[in-house]
Amino acid sequence: MLSHIRYIDLFAGIGGFHQAMDRFGATCVFASEWDNACQVTYEENYGIKPHGDITTIDEQAIPPHDMICAGFPCQAFSISGKQKGFEDSRGTLFFDIARIAKYHQPKLLLLENVKNLATHDKGNTLQTIRATLEEIGYTLFSQVLNASHFGIPQKRERIFLVALRHDLRVNSFVFPQSSGKAVTLESFLDQEEHSHLIIHREDIIMKEKMEILPDMFGVYPQKPIRLGIVNKGGQGERIYSPLGHAITLSAYGGGVGAKTGLYKIGEDIRRLSPNECRRITGFPDDFKLHPNPNVSYRQFGNSVVVTVLEAILQQIIQSHILTPSTIKVAS
């Protein structure tokens, strides 16, 4: 457990890190999120209203803490963006994490970003992050993980970074590769009627004679299984089976299946509901959604998957990195 850990939640969104840390008993002492709608959802669920733009907050005004959690903005590194990296003002927000870590010297930083960060600018962007953390006293470990391997039916590949203070003398950190049982999207679906999410089109083309079977262990493919297309089959125009996994939820995706993709549920072809998006991002059913469904879609499209974080935290606990005896200010 992490009941002795105080952490700060930067670029907090709707609190994916908060969810995972809560489940291990840690205490959030500060949160920051500039988006007003996310602030509303965060406060509604955790009773903490996040502070605004982190670039305007003096690091000395932030309470002492043992750990920094941050899903720092990914648009500057995403393959769907212009990939300007640190030339983009959003890319430089990583340096606000470094600024705070340099002053407070927490024991551990747990960060998340898009998969493309690992290879952006031929690896130079990640190397800059590594060198920056090294300079302020941290050793960085990183790994790309897919939510589909952690009991969640969503193909969502993200890079996770664990930075450990030098004085801890940790020479290696092994990320979990999987956890949880094999799942299908079907088992995460609502049982209620969703007529408003059903599409009615004349240009739907389905694959013929496609039979989806489990393997000898009764496990269906742990990935999206495409059944057909709408229109020309561009982004947001592909239809998938609920016996497989969902595609990556998107905050700003277009097409008729915008933000969630399209799925053949019974005889209908429809998008996922906000509640279904909540479930396939690892949030519990009692997590309170934003009252505007379109805002909820955007928030889950931007969120970290809670179950992947839980697996990483479990690995950290088993590595005895965050034991009470080692929570101290670096010398």
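The values are calculated or read from the model by the stated rules, or taken from the named source; none is laboratory data. Fair warning: this is a prediction, and the values are worked out from it, not measured in the lab. Here the Cβ positions follow ideal geometry from the backbone for every residue, glycine too, while neighbour counts run over all protein chains shown.
Would you be able to say whether some residue in segment 259-266 is within 19 Å of Cys69 (Cβ to Cβ) and either in contact with a Lys or Arg (Cβ under 7 Å, 6 or more places away or on another chain) or at pLDDT 95 or above (or both)? Checked segment 259-266: no residue is within 19 Å of Cys69 (Cβ to Cβ) and either in contact with a Lys or Arg (Cβ under 7 Å, 6 or more places away or on another chain) or at pLDDT 95 or above (or both). Within segment 176-203, the set of residues being of a type in the set (D, E, K, R), surrounded by 10 or more Cβ atoms within 10 Å (Cβ to Cβ) and either farther than 15 Å from Pro242 by Cα or in contact with a strand residue (DSSP E or B) (Cβ under 6 Å, 6 or more places away or on another chain) (or both) comprises Arg201, Asp203.
Selection of segment 117-135 for residues being more than 17 Å from Arg165 (Cα to Cα) and free of Cβ contacts under 8 Å to residues at least 40 places away in the same chain yields Thr119, Asp121, Lys122, Gly123, Asn124, Leu126, Gln127.
Against the condition of a type in the set (Asp, Glu) and either buried (at least 22 other Cβ atoms within 10 Å of the Cβ) or touching an Asp or Glu at 6+ places or on another chain (Cβ under 8 Å) (or both), how does Glu276 come out, does it pass? So Glu276 fits the description; yes. Entry remark, segment 109-124: residues being within 30 Å of Ile5 (Cα to Cα) and β-branched (Val, Ile, Thr) number 1 in total.
Residues that are touching a helix residue (DSSP H, G or I) at 6+ places or on another chain (Cβ under 8 Å), of a type in the set (A, V, I, L, M, F, W, C), more than 24 Å from Pro291 (Cβ to Cβ) and in a helix (DSSP H, G or I) within segment 28-73 comprise just one, Ile54. When you check Asp96 against the structure, is it crowded, with 16+ Cβ neighbours inside 10 Å, at negative phi, charged (D, E, K, R) and more than 14 Å from the chain's Cα centre (by Cα), yes or no? The answer is yes for Asp96. Identification of strands (runs of 3 or more DSSP E) wholly contained in segment 103-218 with 1 or more residues that are under 25 Å from the mean Cα position of the chain (by Cα) and small (Gly, Ala, Ser) yields 138-146, 157-165.
Assess whether Gly282 counts as being of a type in the set (Gly, Ala, Ser), without any contact (Cβ under 8 Å) to a residue 40 or more places away in the chain and part of a loop (DSSP other than H, G, I, E, B). Considered against the rule, which asks whether it is of a type in the set (Gly, Ala, Ser), without any contact (Cβ under 8 Å) to a residue 40 or more places away in the chain and part of a loop (DSSP other than H, G, I, E, B), Gly282 comes out as no.
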